[in-house]
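Engineer: Pasting a structure below so you can have a look.
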Amino acid sequence: MKHHLSGALLALSLLAGVPAARAESIFTYASGKLLLTGGVSQVEGAAGGGLTPWAVIGGYETKDQIGANAFYTSVDTQDYRITSQGALVGLYNRVEFSYARQDFDTQGVGAALDLGYGYTISQETVGVKVRLLGDAILDQDHWWPQVSAGAQVKHNRNGALVKALGARDDQSTDYYVSATKLYLAHGLLLNGTLRATKANQFGILGYGGIDNDYHLQFEGSLAYLVNRRLAVGAEVRTKPDNLAVAKEGAGVDIFAAYALNKHLSLTLAYADLGNIVTRHQSGLYGSLQVGF
Amino acid sequence: MKYLALAALLIATPALAETQTADPFPVISPDGSLYQAFGGHEGLVRITDDLMVNLLADPRTHDFFVAAKRDQIKTGLIQIFCHVMGGGCTYTGKNMTEAHSQLGIREEDFTALVESLQKAMDKNHVPFRAQNRLLAAMAPHHREIVTGAGKG
Ligand code: HEM
């Protein structure tokens, strides 16, 4: 995290040197949304907050455009380092396709469990999200939010290990519905997501456990627009507690997302991911997103 | 019972809206405080002047405005902004559909105009919260204004 985040900050400061006008003229085809209104990249790759998907379709495209972005996220906790990287494409502000890979570096815990120091569990997530109704940004006279439905198809690449820990499967699909509303006059954005999932710890510890059922989970985000470039807020994401070997609890974070322009944003957060196998895990979260 | 009342309300609301000829630009700051935050009439003149400069400078919007009656648009915008912000003006121009329906404006053009307006408001030191209140009142008009390509 330290290295990666400082790399990200370096990249940001280098790019900050590029005159905004020039950067703007390189990519003019997908700038039809207002700054920050495409959200940032959540850990499994969908557009949203850091932890939870929003109903917005990622990228700065409108109904006539295609947008895309890529991200790198790193979370450093007491015992682990979790990185996630991926990309998404937003089509006509209607459909979003995403891919992300999460790497869960067990560091010293890996050594203690005889897996080897730095043993890393990886998960790949392919996501699709479809906007069903509403426009979170423009429909300021409607009370109803923008609503989208999505699926995240997950594959854990360390099946033997996660099954040994009690998971039933090394692949599974999450389904979710998100409702997002910007209350522009108040500078507030609210999101609520309901997710049906079998995943343990986002899927890092496989899917299913004590039972093999879908568990309905709630995720929420609240963001306050400080100015056009900066949003601060908080998120919560409940998770199933379905592995016999260790308790699992909700994750929360407080974040600040800064958009330098429509092509570059940096999110910093303090995340508390609840208990992950050994003990309570919390730490600094950093995410860089580059958009086209 | 509560639900019945709510259902009745939901059914009655559109009927109510139809009987009173609804103001397309509802006043959001009846006490005029928002109008003051924008610097009153003088402020709006400066903002719409700067807006027009920005719209002509931006290649995304240049072609819409270069041949338009820009003074007439500015006058109309000042009336609308003044009216919604509680400055007591009346809008005397065409309705939004009449003014825009032939122009083929796309959603990205709408966004471009909002960004030009944001720049103009920044330049004239309108606080961010006040800017957002005006933008929130204007945003729903995308439905009359955006008629091009995939629609608004
Ligand atoms: C909420 C946003 C908008 C408001 C409040 C607004 C307001 C107005 C007003 C008051 C007029 C003058 C009407 C008259 O002549 O009586 C006008 C005309 C015009 N508007 Fe807009 N407008 C908006 C968005 C846009 C956008 C996004 C574009 C294009 C990018 C645009 C392009 C034009 C043009 C070209 C005219 C002149 C049409 C003509 O000369 O016939 N407007 N608008």
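Engineer: Would you mind finding the one in B:Asn124, B:Asn95, B:Asn54 that is more than 10 Å from chain A (Cβ to nearest Cβ), within 10 Å of the ligand (Cβ to nearest atom) and open to solvent by 20 Å² or more (accessible area, probe 1.4 Å)?
Structural biologist: Just one listed residue meets the conditions, B:Asn95.
Engineer: Right, something else. What residue, among those in the stretch A:198-214 that are aromatic (Phe, Trp, Tyr) and either open to solvent by 40 Å² or more (accessible area, probe 1.4 Å) or farther than 19 Å from A:Arg279 by Cα (or both), is nearest to the chain's Cα centre (by Cα)?
Structural biologist: A:Tyr207
Engineer: Okay, next question. I'm checking my understanding of the structure. Among residues of the stretch B:98-121 that are hydrophobic (A, V, I, L, M, F, W, C) and farther than 17 Å from B:Gly43 by Cβ, which one is most open to solvent (accessible area, probe 1.4 Å)?
Structural biologist: Out of the qualifying residues, it is B:Leu103.
Engineer: So which residues in the stretch A:105-121 are in a strand (DSSP E or B) and open to solvent by 10 Å² or more (accessible area, probe 1.4 Å), if there are any at all?
Structural biologist: Passing the criteria: A:Asp105, A:Thr120.
Engineer: Return yes when B:Ala137 is aliphatic (A, V, I, L, M), away from the ligand (no atom under 11 Å from the Cβ) and buried (at least 17 other Cβ atoms within 10 Å of the Cβ) and no when it is not.
Structural biologist: In short, no.
Engineer: Filter the stretch A:56-68 down to residues that are open to solvent by 10 Å² or more (accessible area, probe 1.4 Å) and either outside any strand (DSSP E or B) or under 15 Å from A:Gly86 (Cα atoms) (or both), then give me how many there are.
Structural biologist: Count: 5.
Engineer: Shifting gears a bit: Restricting attention to the stretch A:32-55, and to residues there that are within 14 Å of chain B (Cβ to nearest Cβ) and open to solvent by less than 10 Å² (accessible area, probe 1.4 Å), which single residue is nearest to the chain's Cα centre (by Cα)?
Structural biologist: In this case the residue turns out to be A:Gly38.
Engineer: What number of residues in the stretch A:270-288 are part of a strand (DSSP E or B), of a type in the set (A, V, I, L, M, F, W, C) and open to solvent by 40 Å² or more (accessible area, probe 1.4 Å)?
Structural biologist: 1
Engineer: Still on this structure: Might you let me know whether the stretch A:182-195 holds any residue that is under 18 Å from the mean Cα position of the chain (by Cα), within 14 Å of another protein chain (Cβ to nearest Cβ) and either in contact (Cβ under 8 Å) with a residue 24 or more places away in the chain or open to solvent by 20 Å² or more (accessible area, probe 1.4 Å) (or both)?
Structural biologist: Checking the stretch A:182-195: at least one residue is under 18 Å from the mean Cα position of the chain (by Cα), within 14 Å of another protein chain (Cβ to nearest Cβ) and either in contact (Cβ under 8 Å) with a residue 24 or more places away in the chain or open to solvent by 20 Å² or more (accessible area, probe 1.4 Å) (or both).
Engineer: Scan the stretch B:58-75 and report the pairs whose first residue is under 17 Å from B:Gly104 (Cβ atoms) and whose second residue is more than 8 Å from the ligand (Cβ to nearest atom) and open to solvent by 80 Å² or more (accessible area, probe 1.4 Å), with Cβ atoms within less than 9 Å and a gap of 6+ or a chain change.
Structural biologist: Every condition considered, the pairs that remain are B:Pro59/A:Thr28; B:Arg60/A:Thr28.
Engineer: Mind listing whichever residues of the stretch B:61-79 are within 14 Å of chain A (Cβ to nearest Cβ) and either within 8 Å of the ligand (Cβ to nearest atom) or closer than 22 Å to B:Arg133 by Cβ (or both)?
Structural biologist: Residue satisfying the conditions is B:Thr61 alone.
Engineer: Residue under question is B:Thr21, and the condition is that it be within 9 Å of the ligand (Cβ to nearest atom), loosely packed, with under 11 Cβ neighbours inside 10 Å and part of a loop (DSSP other than H, G, I, E, B); does it hold?
Structural biologist: No.
Engineer: Select from the stretch A:219-247 the residues that are of a type outside the set (A, V, I, L, M) and within 15 Å of the chain's Cα centre (by Cα) and list them in ascending order.
Structural biologist: The answer is A:Glu219, A:Gly220, A:Ser221, A:Gly233, A:Glu235, A:Arg237, A:Thr238, A:Lys239.
Engineer: Looking at B:Thr111, is it free of Cβ contacts under 8 Å to residues at least 12 places away in the same chain and either β-branched (Val, Ile, Thr) or near the ligand (Cβ under 8 Å from one of its atoms) (or both)?
Structural biologist: Yes; evaluated as a whole, the condition is true for this residue.
Engineer: Now for a separate question. Is it the case, given these coordinates, that A:Arg81 is at pLDDT below 85, open to solvent by 10 Å² or more (accessible area, probe 1.4 Å) and among the basic types (Lys, Arg)?
Structural biologist: So A:Arg81 fails the test.
Engineer: Look through the stretch B:80-92, keep the residues that are open to solvent by 40 Å² or more (accessible area, probe 1.4 Å) and either aromatic (Phe, Trp, Tyr) or in contact (Cβ under 8 Å) with a residue 40 or more places away in the chain (or both), and return whichever of them is farthest from the ligand (Cβ to nearest atom).
Structural biologist: Checking each candidate, the answer is B:Gly88.
Engineer: Another question, if that's okay. Could you say which residue among A:Ala151, A:Ala167 is out of contact with any Ser or Thr (no Cβ under 7 Å at 6 or more places or on another chain) and either away from chain B (no Cβ under 14 Å) or surrounded by fewer than 17 Cβ atoms within 10 Å (Cβ to Cβ) (or both)?
Structural biologist: After applying the criteria, what remains is A:Ala167.
The values are calculated or read from the model by the stated rules, or taken from the named source; none is laboratory data. These numbers come from a predicted model, not from an experiment. Virtual Cβ from ideal backbone geometry, glycine too; neighbours counted across all protein chains shown. For the accessible areas, the whole protein counts, side chains as well, though only heavy atoms, and no ligand, DNA or RNA atoms are used. Shrake-Rupley method; radii C 1.70, N 1.55, O 1.52, S 1.80 Å.
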